[in-house]
Amino acid sequence: MDYTLDGDSELEAYGSDTYALLLSGDIEVMNDEGLYRCPFCSDEKDDYNKYDLLQHALGVGAAHDQQVKEKVDHRALAKHLKDDEPAKSHSPLLQPIVIDPQPPQHNRDDLFVWPWMGIIVNMPSEYVGKSANRLKEHFSRFHPVKVHHVYSKGRPTGNAIVEFGKDLVGFRNALAFESQFEKEGYGKVGWQEKEHGGPEPFGWIARADDYNAPGAIGDFLIKNGDLKTADGIEDEETMKNNKLVASLSCKVIETDMHIRALKSQYQERTVSLKRMMEQREQQLQSYNQEIQKMQQLSVEHTKTIVDENKKLRLDLQYMTHELDARSKQIDELAAQTDCDRRNLELEKQRNAMKFSHLTLAEQEYQKADENVLKLVEQHKREKETALNNIKKLNEKLHLTHKLQLDIKHLTGKLEVIKLTPGNETSESGKRIAELTEELRDKIEEMDYTENYNQDLIVQEKKTAVELQEARKLAIDAIQRFPGQTNDQADIGIKMIGELDLKAFSNEVIREDDKKLQELKEEYGDEAYAAVTTALTELNEHSSSGSRVPFPEMWNYKEGRKAKTKEIVQHVIKLAKASKKGR
């Protein structure tokens, strides 16, 4: 066969080498399942029968768009497949194999070599010393596992051993292998009758007499197998299967009990989660109503302050117009007598001084008014920020609880699906993967929500500090107003933690008493009440835990710390009083 396209000697040698490798079996064409595959097409994954592979090799070898070496390899493959076709002969080794659908029967006590093995003797010379794959390929319809040449003192004997596996299917294949030879008279009996002579190969299944026979075949069988009956192997497999079925039945019962327990827990958790969600919804509705009420009160309070400021500004403008009119009247009377003129000058000076004082008072009031408005706006912004942060924090806490419930729900559902029998299909696997992915997303979302909640808590603490600072600034501003220490006012500044010394004015400590009695017995109920009140106020209103008295806006009428709204109203009241005093 011509391996080249242009007579190149190197390509011709390459094609000869490829053919030699195929012939020796170093390059395999048939796999263990008896199917053919092209060894030169790396991307080719299709299996062929022998005829289809031959057509493939001829097509690639004759193609014009292939590389030269690929064409040479495929031409060598085609030559090998053609040369491998058996010649016309009466030998079962060289004739097409037809499997008997009913293999011969055997006695229950017959001993066979296990793993099941077939013996081939008197092989044709073209198979002796060659690759065992050719024999395996020839008997592929019997599904052999391996084929071994038998050697004696390092030389091939012309005999071979064919392995058919360890299960009952392999045993039936071995019997069919033996039946194929016996039909043509080339079985073990034919071999013995012809006294080990003739050109044809003989074959049979290995039994106890072959196992115990002297020679290379017996040595190989002893080294690689044992003697067993087919029924014994079948009984062993039946016993293994029964044990496996019993074990699986116990596991199914245990799994079923576990699934029932999981379903019961799942139902209990579902009822509990439903109850928690209803309570959460009620709390959220109550919170929303309270927020709306607080916002409405804040709007009304702001509107009241703005209206009062407008009224004060109109009063100030009216007084200014009156002074201007009076000054004009004085100018008209200036033409009168010199005495009247001097009096008028003095009146004008007094009016000018009063006008100057009023102007200064108006400026001071405007400054105070601006400070009050700034304080109101700052309080409003800080209050809205705090309310928004609280609302966001509650929403995120609600979302966190919901995510935790979803995670528990998905975890329980995923565990039930994994433990439910009969769910080994691809659809259930896909469902488990989807639930696992959804569970991972829920956990990531919950981690993000928890981080965001921490940020909101930090913002809320910051807002609380800012409100406390604004409250201190208001106290400092009120201390500068004259008359703010009026004891009759409902709102005023109180030193938190100071003792009321009046409670001790009527009591005298006896110095000659060696053991001091308890405070209540020593100074009386009034002194005891004053001390406990001071300590209680420090505990309730000192943010740092200090025992040092400090000033705080106090509602004396109701006996509590004044609200921010009450502080703003008190500042406006002091500003009005300061204006009237001037």
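The values are calculated or read from the model by the stated rules, or taken from the named source; none is laboratory data. Source: prediction; values computed, not measured. Glycine gets a Cβ as well: all are built from the backbone with ideal geometry, and neighbour counts include every protein chain shown. Keep in mind that these areas ignore ligands, DNA and RNA; they rest on the heavy atoms of the full protein, side chains included. Shrake-Rupley method; radii C 1.70, N 1.55, O 1.52, S 1.80 Å.
Below is a table of values for the structure above.
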read-out: Count of residues meeting criterion [polar (S, T, N, Q) and surrounded by 14 or more Cβ atoms within 10 Å (Cβ to Cβ)] in the stretch 206-228; value: 1
read-out: Residue match in the stretch 139-155 (condition: crowded, with 18+ Cβ neighbours inside 10 Å and either part of a helix (DSSP H, G or I) or basic (Lys, Arg) (or both)); value: yes
read-out: Residue list for the stretch 24-49, filter: modelled with pLDDT of 75 or more and touching an Asp or Glu at 6+ places or on another chain (Cβ under 8 Å); value: VAL29, MET30, TYR36, ARG37, CYS38, PRO39, PHE40
read-out: Among residues of the stretch 535-570, those that are among the hydrophobic types (A, V, I, L, M, F, W, C) and either modelled with pLDDT of 75 or more or open to solvent by 60 Å² or more (accessible area, probe 1.4 Å) (or both), counted; value: 6
read-out: Residue match in the stretch 336-344 (condition: part of a helix (DSSP H, G or I), surrounded by 15 or more Cβ atoms within 10 Å (Cβ to Cβ) and at pLDDT 75 or above); value: yes
read-out: Cross-chain or 6+ apart pairs with Cβ under 9 Å, the stretch 420-443 first and among the acidic types (Asp, Glu), then at pLDDT below 85; value: GLU438/ASP406; GLU438/LEU410
read-out: Residues (modelled with pLDDT under 80, surrounded by 13 or more Cβ atoms within 10 Å (Cβ to Cβ) and within 54 Å of the chain's Cα centre (by Cα)) located in the stretch 56-93; value: GLN66
read-out: Residue count for the stretch 229-275, restricted to those that are over 16 Å from GLU415 (Cβ atoms) and either over 27 Å from the mean Cα position of the chain (by Cα) or loosely packed, with under 13 Cβ neighbours inside 10 Å (or both); value: 29
